[in-house]
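Trainee: Sharing a structure with you now.
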Amino acid sequence: MLQKTLDHYLSRPSLGVPPLDESARQNLASAQRSLQGLAAVLDVLEADHLVYRAGPSEPPLAPQLVDGLLMAGRQLIASAQAALERP
């Protein structure tokens, strides 16, 4: 879905924005992949949270795994930001 949205806005001639060069397209693609990875990390953390709230029927993720997922999410955000800030 994100790809469709990007394609839609990047292909609109009415914006008056010049076409993107290859470097800019690669930067956007890199940011998109980072955000997709972040979405996956958040899905896992949300599932763990829902299991935790539902009761003790299943053990939640180990604390060190949650910490690792949070660290990975922060790195994915930094990667997306760096890709969008590149010229």
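Trainee: Open to solvent by less than 60 Å² (accessible area, probe 1.4 Å) and acidic (D, E): is that true of D43 in this structure? Reasoning before the result, please.
Mentor: Numbers: open to solvent by less than 60 Å² (accessible area, probe 1.4 Å): no; acidic (D, E): yes.
The answer is no for D43.
Trainee: Considering only residues of region 17-37 that are assigned to a helix (DSSP H, G or I) and aliphatic (A, V, I, L, M), which is farthest from the chain's Cα centre (by Cα)? So that I can check it myself, show each step before the final result.
Mentor: Within region 17-37, the subset assigned to a helix (DSSP H, G or I) is 22-37.
When the remaining residues are screened for being aliphatic (A, V, I, L, M), the result is 24, 28-29, 31, 35.
Numbers: A24: 18, L28: 12, A29: 11, A31: 8, L35: 1 Å.
Restricting to residues being assigned to a helix (DSSP H, G or I) and aliphatic (A, V, I, L, M), the top hit is A24.
Trainee: Now for a separate question. Would you check if there is a residue in region 48-59 being touching a helix residue (DSSP H, G or I) at 6+ places or on another chain (Cβ under 6 Å) and among the small types (G, A, S)? So that I can check it myself, show each step before the final result.
Mentor: Here is the first cut: in region 48-59, the residues touching a helix residue (DSSP H, G or I) at 6+ places or on another chain (Cβ under 6 Å) are 58.
Narrowing further to those that are among the small types (G, A, S): none.
No - not one qualifying residue is present in region 48-59.
Trainee: Filter region 7-38 down to residues that are surrounded by 13 or more Cβ atoms within 10 Å (Cβ to Cβ) and of a type in the set (A, V, I, L, M) and give me whichever is modelled with the lowest pLDDT. Walk me through it before giving the result.
Mentor: Here is the first cut: in region 7-38, the ones surrounded by 13 or more Cβ atoms within 10 Å (Cβ to Cβ) are 10, 24-38.
When the remaining residues are screened for being of a type in the set (A, V, I, L, M), the result is 10, 24, 28-29, 31, 35, 38.
Values: L10: 60, A24: 89, L28: 92, A29: 93, A31: 95, L35: 96, L38: 97.
Applying the filter and picking the extreme gives L10.
The values are calculated or read from the model by the stated rules, or taken from the named source; none is laboratory data. Model, not experiment: these values are computed from the prediction. No Cβ is skipped: glycine too gets one built from the backbone with ideal geometry, and neighbour counts run over all protein chains shown. All accessible areas refer to the heavy atoms of the entire protein, side chains included, with ligands and DNA or RNA removed. Shrake-Rupley method; radii C 1.70, N 1.55, O 1.52, S 1.80 Å.
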